[in-house]
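Okay, structure first, notes after.
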Amino acid sequence: MKKMLIGALVGSLVLFFWQFLSFSLLGIHNSGMSYTPNQDAILEVLDANLEEGTFFIPRAPMDASMEKQEALMEERVGKPWAIVSYHKTLSNNMGMNLLRGWAIDFAAAFLLVWLLLKMADLDMKTALMASLSVGLIGYFTITYLDSVWFETNSIPYLIDTIVQWGIVGAWLGWWLPRN
């Protein structure tokens, strides 16, 4: 159990610190958080017209018939569209967000350690490839698939996946096979 906990703890710290670097100092995700000089005017319009939530615009009402939904989409082809996540107030709860982020990283690393320890002949190569596989499964089925449907840039997340899960795999490939 000690080996599992140390493996997961160090793995979670690798994930956590890479995410910090990726989103802050390295700026890998800057393309997904662009600035607009019109932000104040846009926020005023959103505040006057939206409740808090996430919206795909345009979209037919949930109770619209399939025919009305299809007609709306056909009418809107070639015209502007947006995905808006709108919040009425900005909160700066950095401490709780960091704690939740690390807790998820710990859970992910712990699950990976558990899987790796089920392998009879675990070595560096197997741990590295398994770790990259776990990361890429998550990337392909969530982030990349979302980028296909919503036309976003998923390359920053692919970089994150390869770097952070590669480092975690290398760490676990060194740590776990040891006596």
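The residue that is most open to solvent (accessible area, probe 1.4 Å), counting only those in the stretch 24-43 that are assigned to a loop (DSSP other than H, G, I, E, B) and more than 25 Å from residue 103 (Cβ to Cβ), is 35.
Could you list, ordered by first residue, the pairs with Cβ atoms under 8 Å in which the first is in the stretch 81-93 and in contact (Cβ under 8 Å) with a residue 24 or more places away in the chain and under 20 Å from residue 56 (Cα atoms) and the second is open to solvent by 80 Å² or more (accessible area, probe 1.4 Å) and in a loop (DSSP other than H, G, I, E, B), at least 6 apart or interchain? Going by the 8 Å Cβ cut-off, the qualifying pairs are 86/51; 86/52; 87/52; 88/52. Quick one: is residue 129 open to solvent by 80 Å² or more (accessible area, probe 1.4 Å) and either under 22 Å from residue 33 (Cα atoms) or touching a Lys or Arg at 6+ places or on another chain (Cβ under 6 Å) (or both)? Spelling it out, it is not the case that residue 129 is open to solvent by 80 Å² or more (accessible area, probe 1.4 Å) and either under 22 Å from residue 33 (Cα atoms) or touching a Lys or Arg at 6+ places or on another chain (Cβ under 6 Å) (or both). Note on the stretch 75-111: residues that are touching a strand residue (DSSP E or B) at 6+ places or on another chain (Cβ under 7 Å), open to solvent by less than 90 Å² (accessible area, probe 1.4 Å) and either part of a helix (DSSP H, G or I) or farther than 21 Å from residue 24 by Cβ (or both) total 4.
Among residues of the stretch 9-35 that are over 26 Å from residue 172 (Cα atoms), those with a beta-carbon under 9 Å from a residue that is part of a loop (DSSP other than H, G, I, E, B) at least six positions away or on a different chain give the pairs 31/153; 32/152; 32/153.
Close Cβ contacts (under 7 Å, 6 or more residues apart or on different chains) running from residues in the stretch 62-77 that are of a type in the set (Lys, Arg) to residues that are open to solvent by 100 Å² or more (accessible area, probe 1.4 Å) and part of a helix (DSSP H, G or I) are absent.
None of 46, 72, 21, 15 is touching a Phe, Trp or Tyr at 6+ places or on another chain (Cβ under 7 Å) and either aromatic (Phe, Trp, Tyr) or open to solvent by less than 80 Å² (accessible area, probe 1.4 Å) (or both) except 46. With respect to the conditions (1) open to solvent by less than 80 Å² (accessible area, probe 1.4 Å); (2) in contact (Cβ under 8 Å) with a residue 60 or more places away in the chain; (3) not in a helix (DSSP H, G or I), residue 153 falls short on a single one, namely (1). Annotation note: of 122, 116, the sole residue that is open to solvent by less than 50 Å² (accessible area, probe 1.4 Å), part of a loop (DSSP other than H, G, I, E, B) and farther than 23 Å from residue 53 by Cα is 122.
The values are calculated or read from the model by the stated rules, or taken from the named source; none is laboratory data. Just so you know, these numbers come straight off a predicted model, no measurement behind them. Reconstructed Cβ throughout: ideal geometry from the backbone, glycine too, with neighbour counts over all protein chains shown. Each accessible area value is taken on the protein alone, full model and side chains, heavy atoms only, with ligands, DNA and RNA left out. Shrake-Rupley method; radii C 1.70, N 1.55, O 1.52, S 1.80 Å.
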